[in-house]
Amino acid sequence: FFAAQLLKRRCSLASSHPLHTPSAPSVHCLTTPRPPSPSPLSPPPAVTMSATSSESAPPEGAPDTAADALPPGVHRVETAPFVGEDVAAFLKGESPEVVLNRFQEKYSTYKQLELRLVQRKAMLKKKIPEIKSTLAMVNYLVEKKGSTEDIITNFEVSDSLHAKAVVKEPTSVCLFLGANTMVEYKLDEALELLQKNLSNADGSLKQINDDLRFLKEQITTSEVNIARVYNYDIKKKRASRPLQVK
């Protein structure tokens, strides 16, 4: 009881300390509220099948906090305006340096989001084949369900060490869900879970490709805007200089 009271007091003091005030996010999105459902860009949990509940999977690392900070949809990011040939009309009396700094900040934001999406895409492209191979094995076990024929297989005991096993009348399977967590499922439940994860992964990969195309357009537009405003600023400064007579 005293330990719980002491822990509660420490937590209340830590939350009220001025150094623990949360900082504002570095990525600014539109004012659309964040939906309560999971992000469509979030990858499904890594699933690795073990037919005899003895197969080991590579441990999952720490969560990618940078990727988790990604907004639920890249299309929530403000679209980059396009600067036409008449740069002076676009500026409307505003300083070219101020506008140039604003474009460079947006350009940096687009590049950061693009990097995070590329990392998520690489993760999904690695996980989807694993889910497919696991799903194929579970389908094989479902076909053998109720059969008197034994299943002879090899399972990984540790790195570079495998052992032979005989599976008789399989009724369940163990799936690795990541973070060194393995859960036992009935064959029908495992099949349903893997099919759902595969569908979510394919949908997430399609959404990421669409978001990458959107970001590519915004990056190209920002590069054009920066170049035009910069050239306009140089010409304006040269025109304001007094002519030197030789």
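Screening GLU114 on (1) open to solvent by less than 50 Å² (accessible area, probe 1.4 Å); (2) under 18 Å from the mean Cα position of the chain (by Cα); (3) over 30 Å from TYR232 (Cβ atoms) shows it passes everything except condition (3). In the range 120-147, what residues are farther than 30 Å from GLN207 by Cα, without any contact (Cβ under 8 Å) to a residue 12 or more places away in the chain and of a type outside the set (D, E, K, R)? Residue satisfying the conditions is TYR140 alone. Could you please let me know if ALA89 is among the aliphatic types (A, V, I, L, M), over 30 Å from ILE226 (Cα atoms) and modelled with pLDDT of 90 or more? Taking the combined requirement at face value, the residue does not satisfy it. Considering each residue of the range 199-212 in turn, none proves to be touching a residue at least 24 places away in the same chain (Cβ under 8 Å), in contact with a helix residue (DSSP H, G or I) (Cβ under 7 Å, 6 or more places away or on another chain), over 19 Å from GLN119 (Cβ atoms) and of a type outside the set (Lys, Arg). Of all residues in the range 162-182, those being over 20 Å from GLU149 (Cα atoms), of a type in the set (A, V, I, L, M, F, W, C) and open to solvent by 50 Å² or more (accessible area, probe 1.4 Å) number 3. Taken together, the criteria place THR134 among residues that are open to solvent by less than 70 Å² (accessible area, probe 1.4 Å) and part of a helix (DSSP H, G or I).
The values are calculated or read from the model by the stated rules, or taken from the named source; none is laboratory data. These numbers come from a predicted model, not from an experiment. As a convention, Cβ positions derive from the backbone with ideal geometry for all residues, glycine included, and neighbour counts pool all protein chains shown. Each accessible area value is taken on the protein alone, full model and side chains, heavy atoms only, with ligands, DNA and RNA left out. Shrake-Rupley method; radii C 1.70, N 1.55, O 1.52, S 1.80 Å.
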